[in-house]
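Here is the structure we will look at, set down as structure tokens.
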Amino acid sequence: MEKVAGDLYRFDTTRDLGVGVTGSLNDRGTVRYAAQLGNDSGTGSETDGKMAIRFAARYDTNPGLFVEGSYWHADRPGGADREGLQVFAAYRHARGRAGFNAVRHERDAAPGVAPAVETTVVSGFGVLEVRPGRVSIFARLDRVFDPLPDGGIDYMPISTASPFTFGLFGVEYRPVPSVWLTPNLEFVRYGTPRDPTGARPANDVVVRASFHWAW
């Protein structure tokens, strides 16, 4: 229903053009690794000749426990390089799923252009199968301890002036296995601006109704 914190808050992209390797570290395939050298342009074409490196290690038993740690570093013009660390943990069961995500993101200063930025986010979320295969409810809560360097994505613009709390709540209904109807609500509640002379941004609320049909 929503992008993970690193993507939603534009710390890094979930897709990139580059060269990657992935594989298993044990016979059961529960421990895996991945590495990538990318152009740091997401789904777009190369723009500046700068590159990004990404590494991840994962432990996964499905159903059961999932834990992943990842690191990325991206060269940016003007010296405003970015890097981040992320931990993602979840537990999956037939009656529901719960997870936790923590991200630490840093952007170096670009002299005369932009200051250094450090951002920390913790995110918790869960899904409860009220009627397995038919009705589920879900919720997510993010705490962003620092103002964002870039704001949010296009459909959820977020002020860069204040720390904030982001929430997502909804219900998913499947009248038939191939159709999902999902009314949901997102909100952003801002805290005190980092600049004491600035005004506190107005809180945001987005109401959505999502429809998915697989055929």
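Size of the stretch 50-140 along its principal axes in angstrom, Cα-based, largest extent first?
57, 24, 17
Whole-Hz ³J(HN,Hα) for each residue in the stretch 168-182, computed from phi via Karplus 6.51 cos²θ - 1.76 cosθ + 1.60 with θ = phi - 60°, x for glycine and proline: what do you get?
Those phi angles translate into 9, 9, x, 10, 10, 10, 10, x, 9, x, 9, 10, 10, 10, 9 Hz.
Per residue, how large is the accessible surface of the stretch 21-156? Use a 1.4 angstrom probe and give square angstrom.
Numbers: 7360 Å² over 136 residues.
Accessible area per residue: 54 Å².
Summing -39500 (n - 2.57) over the DSSP H runs of n ≥ 4 in the chain and dividing by its residue number, what mean residue ellipticity at 222 nm do you reach, to the nearest 500 deg cm²/dmol? Present the calculation step by step, with values, prior to reporting the outcome.
On the way: 1 runs with 4 residues, N = 215.
It comes out at -500 deg cm²/dmol, rounded to the nearest 500.
When the accessible area of the stretch 58-97 is split by element with a 1.4 Å probe, what percent falls to carbon and sulfur? Spell out each step's value before the answer.
Details: 1280 of 2200 Å².
C and S fraction of accessible area: 58 percent.
Across 5 Å bins from 0, what is the distribution of all Cα-Cα pair distances for the stretch 65-109, in whole percents?
6, 19, 21, 14, 13, 9, 8, 6, 3, 1
Out of (1) 17.7; (2) 19.2; (3) 17.0, which label holds the value of Kirkwood radius over Cα pairs in Å that was computed here?
Correct label is (2).
For the stretch 147-195, which whole-number percentage of the solvent-accessible area (1.4 Å probe, protein heavy atoms only) is attributable to carbon and sulfur atoms? Show your work: numbers first, answer last.
Details: 1360 of 2160 Å².
Summing carbon and sulfur atoms, their accessible area is 63 percent of the total for the stretch 147-195.
For the chain, modelled as a GNM with alpha-carbon contacts under 10 angstrom, which of P147, P201, P111 fluctuates the most?
Among P147, P201, P111, the largest GNM mean-square fluctuation belongs to P111.
With label points built 7 Å along Cα→Cβ from the Cα atoms of V176 and V205, find their separation and express it in nm.
Computed distance between label sites V176 and V205 equals 3.5 nm.
Counting each pair of different Cα atoms once, what's the Kirkwood radius of the stretch 134-196 in Å, rounded to one decimal?
Details: mean 1/r = 0.0740 Å⁻¹.
Averaging 1/r across every pair of different Cα atoms and inverting gives 13.5 Å.
The values are calculated or read from the model by the stated rules, or taken from the named source; none is laboratory data. These figures come from a predicted structure and were not determined experimentally. Every residue, glycine among them, receives a Cβ derived from its backbone with ideal geometry; neighbour counts consider all protein chains shown. Each accessible area value is taken on the protein alone, full model and side chains, heavy atoms only, with ligands, DNA and RNA left out. Shrake-Rupley method; radii C 1.70, N 1.55, O 1.52, S 1.80 Å.
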